[in-house]
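All remarks here apply to the structure that follows.
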Amino acid sequence: MEEKAKVFVAGATGFIGRRLVPALLERGFPVRCLSRRMTRALPEGTEILKGDLLQAQTLDGVLADVDTAYYLVHSMGEKGRFAEKERISAQNFAAAAQQAGVRRVIYLSGLGEGEETLSAHLSSRSKVADILQAAPFKTTTLRSGVILGEGGTSYEIIRFLVRTSIVLPTKDWLHARCQPLAVDDAIHYLVGCLENEQTAGRTFDIGGPEIMTYYDLMETFADEMKIPHLNAPVPFFMPKVLAGWIAMMTPVNAGVARALLEGVHLDVLCRDDSIRELLPFELTPCREAIRKALAERAARLKAGRSFSEA
Ligand SMILES: NC(=O)c1ccc[n+]([C@@H]2O[C@H](COP(=O)([O-])OP(=O)(O)OC[C@H]3O[C@@H](n4cnc5c(N)ncnc54)[C@H](OP(=O)(O)O)[C@@H]3O)[C@@H](O)[C@H]2O)c1
């Protein structure tokens, strides 16, 4: 059998990376991962190199012999200004990939329009795309809104708000619309782009089959979690306070929660569905994605495993 070209994953220990790596191995790709800490388990058969994208000198040679590199990294929740860190990480990665002669990069970014209205988080995601797209390799940018899967930041925040059933922050939040994507479908797109050369060098929006308000999304969560009703919204909303509380009660870091909460009054919808022609498959309904994530959580708790071991 012909040997497949080597794939590199930056962000392999994260919510998306942890699911992408086994999917790539299953398709027969040799996989090399980058990690700062090397403490989280990655599947057998993965090559793991230690490196920090903020420290250019640690990236020497890590991308040698790599054909395609995934970029699944953000710095929300880290100490200091995250946008500056995300810019430096992307520049260091782009320089290392260029030097190693990487042919393609696949970047998972965030959905959102209009520089003036974008949250700091989404604006930074978009600047990372600009840095990668300016490099000589071909970058595929996939832009997604909420991704539904156990351990995902947006998913865990919503689950927490529904579970505590205490307040829903402000009306704007409730009426903003989203297009939640099942994490399995996000992985399907990420692998599909690698296997379809027509996606090289292009930007695509990826979203689930339904457009709904955040309120509808929370009601679906409540229904699946057997929570009888959601309480009325409060007229004030303090992202910092709420984020601190979320950090105490969930695995989501306060900085990450705050950065995401600051953008939730905006519609986050796909503007373009050209990816559906190149990679057609049946998308998972939102309710099914929530049900699966809740079942995964129940199985993990039953087995006494933490998120990082999941
Ligand atoms: N989760 C969602 O709902 C969602 C929705 C839309 C788009 N996305 C995008 O998907 C991508 C991945 O997100 P995620 O949810 O998987 O994030 P995550 O779970 O927080 O994982 C982030 C990853 O980045 C790595 N990382 C951070 N700083 C690094 C550095 N300086 N050097 C090397 N590695 C570094 C972390 O590795 P360590 O183990 O070293 O910390 C970790 O593996 C991001 O671009 C995000 O914007 C996510």
Largest fluctuation, 100, 69, 41 only, Gaussian network model of the chain with Cα springs under 10 angstrom, belongs to 41
Carbon and sulfur atoms account, in whole percent of the 1.4 Å probe accessible area of the chain, for 51 percent
For residue 201, the net charge from surrounding residues (Cβ-Cβ under 9 Å; K, R +1; D, E -1) works out to +3
Output ordering of 255-263, 286-294 (per-residue mean of other Cβ within 10 Å, highest first) is 255-263, 286-294
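For the chain, what does the accessible surface come to per residue with a 1.4 Å probe? Please give it in Å².
Working: 14550 Å² over 310 residues.
So the chain comes to 47 Å² accessible per residue, rounded to a whole number.
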Candidate cut points under GluC sites (Glu not before Pro) in segment 1-95, DSSP loop plus at most 13 other Cβ atoms within 10 Å of their own Cβ, are 2, 3, 44
HN-Hα couplings for segment 200-207 via Karplus (6.51, -1.76, 1.60; θ = phi - 60°), in whole Hz with x for Gly/Pro, come out as 5, x, 10, 10, 10, 8, 10, x
Here FRET efficiency (C-beta to C-beta, residue 81 to residue 2, R₀ 41 Å, nearest 0.05) is 0.35
Pairs over 32 Å Cα to Cα, from 240/292; 6/302; 85/292; 85/240; 127/240, come to 6/302; 85/292
Spelling it out for residue 210: with amide H atoms placed in the peptide plane at 1.01 Å from N, the residues 5 or more places away or on another chain with amide H under 5 Å from its amide H are 286
For residue 51, other-chain or 5+-apart residues with amide H closer than 5 Å (H placed, Pro excluded) are 35, 36
Simple SL model, points at 7 angstrom along Cα→Cβ for residue 99 and residue 298; separation in nm is 5.1 nm
Exposed-loop cut sites defined as chymotrypsin sites (Phe, Trp or Tyr not before Pro) in DSSP loop states with at most 12 other Cβ within 10 angstrom; longest site-free run of the chain spans 1-235
The ³J(HN,Hα) series, computed from each phi in segment 53-64 with the Karplus coefficients 6.51, -1.76 and 1.60 at θ = phi - 60°, rounded to the nearest Hz and given as x for glycine or proline, is 5, 7, 10, 3, 5, 7, 9, 3, x, 5, 9, 4
antiparallel share of DSSP beta bridges within the chain, to nearest 5, in %, is 5 percent
In degrees rounded to 10, the 0-90 angle between helix 183-195 Cα long axis and the longest Cα principal axis of the chain is 20 degrees
Helix 82-100 sits off the longest principal axis of the Cα atoms of the chain, rounded to the nearest 10 on a 0 to 90 degree scale, by 20 degrees
For the chain, the convex hull over Cα atoms projects on average to an area in nm² of 15.7 nm²
Relative to the chain, whose Cα atoms define the longest principal axis, helix 239-249 and its Cα axis are tilted in degrees, nearest 10, by 80 degrees
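Take 216, 52, 273, 205 and sort them by solvent-accessible surface of the protein heavy atoms, 1.4 Å probe, largest at the top. Mind showing how you got there, number by number?
On the way: 216 70, 52 40, 273 105, 205 10 Å².
The residues order as 273, 216, 52, 205, largest area first.
Restricting to DSSP H runs of at least four residues, report the calculated mean residue ellipticity at 222 nm for the chain, -39500 (n - 2.57) per run over all residues, nearest 500 deg cm²/dmol. Each step should come with its number before you reach the end.
Values: 11 runs with 127 residues, N = 310.
Counting only the DSSP helices, I get -12500 deg cm²/dmol.
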For residue 226, the aspartates and glutamates lying under 17 Å Cα to Cα, once residues fewer than eight places off in the same chain are dropped, come out as 156, 216, 288, 296
Here, residue 276 and residue 26, labelled 7 Å along Cα→Cβ, have an inter-label distance in nm of 2.5 nm
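The values are calculated or read from the model by the stated rules, or taken from the named source; none is laboratory data. Keep in mind that what you see is a predicted model, and the values were worked out from it rather than measured. Neighbour counts are summed over all protein chains in view; Cβ atoms, including those assigned to glycine, are modelled from backbone coordinates with ideal geometry. Heavy atoms of the whole protein, side chains included, go into the accessibility calculation; ligands, DNA and RNA do not. Shrake-Rupley method; radii C 1.70, N 1.55, O 1.52, S 1.80 Å.
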